[in-house]
Amino acid sequence: METKEALLARRTVHFYKPDPLPEGALERALDAALRAPNHKLTNPWRFTLLGEQARERVTELGVRLKSEGKDLPEKHIRRIRKKLATPPVLLVVSQVLDEDDFRRREDYAAIACAIQNIQLSLWSEGLGSKWSSGGVTRHEETYVIAGVDPSREEIVGFVWAGYADIVPDPPRLPLEQVLREIP
């Protein structure tokens, strides 16, 4: 797949088939992440691949957080559980914390680029992904599950990956609505 084609075609995938990724696809995507623009070469990214037991714990935490204070029907809980548990890959992406606030912002931008590289690499191999930054990604229990020390790293989000069950086509604003030209 050509670069521009991947950029224009990539979509955030919310629903996945349970089929595993092809061998080496995740490693190739992470290798692409390491090539992201990175001011001062701080390499602020850390990646934690969650195995089956950790995935189950994150799924149950997600269900608990989504149903907190609500009396959700079992059908709704099953849907939440399926959405969290079905993608074959759950990668936690965290940022090594720098003491300097400006450097932290630069590092966050680098991590956003790294995540985009992961997503484009996966997409080029026919795989979908989603960068998730919902409540479960920020919950203190997630830090414990993922073995991330919150005094040294901040979880930026999850990257879910796998074969898309449904590829959405969300509307985007046309260029003329987001581009300013100043003479």
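For the chain, the dipole from Cβ point charges (+1 on Lys and Arg, -1 on Asp and Glu) about the Cα centre works out to 580 debye, to the nearest 20. For the pair Phe47 and Arg79, the difference between a 0.36 nm per residue extended length and the Cα-Cα distance amounts to 8.8 nm. Using only the Cα atoms of the range 68-176, build the gyration tensor, take square roots of its eigenvalues as a ≥ b ≥ c, and label the shape rounded, prolate or oblate: rounded if a/c is under 1.5, else prolate if a/b is larger than b/c, else oblate. Since a/c reaches 1.5 but b/c is at least a/b, the shape of the range 68-176 is classed as oblate. Principal axis analysis of the Cα atoms in the range 55-108 yields extents of 46, 28, 15 Å, listed in decreasing size. Ranked by the mean number of other Cβ atoms within 10 Å of their residues, highest first, the peptides 124-131, 8-15 come out as 124-131, 8-15. Here the range 83-183 is treated with +1 on each Lys and Arg Cβ and -1 on each Asp and Glu Cβ, and its dipole about the Cα centre works out to around 320 debye.
Determine the per residue accessible area of the chain with all protein chains present and a 1.4 angstrom probe, expressed in square angstrom. Could you put the intermediate results ahead of the total?
Working: 11430 Å² over 183 residues.
Roughly 62 Å² per residue, with all protein chains present.
Probe radius 1.4 Å, ligands and nucleic acids ignored: give me the carbon and sulfur share of the accessible area of the chain as a rounded percent. Carbon and sulfur atoms account for 52 percent of the accessible area of the chain.
The values are calculated or read from the model by the stated rules, or taken from the named source; none is laboratory data. What you see is a predicted model; the values in this text were computed from it and never measured. Backbone-built Cβ (ideal geometry, glycine too); neighbour counts: all protein chains shown. Only protein heavy atoms, including side chains, enter the accessible area calculation; ligands, DNA and RNA are left aside. Shrake-Rupley method; radii C 1.70, N 1.55, O 1.52, S 1.80 Å.
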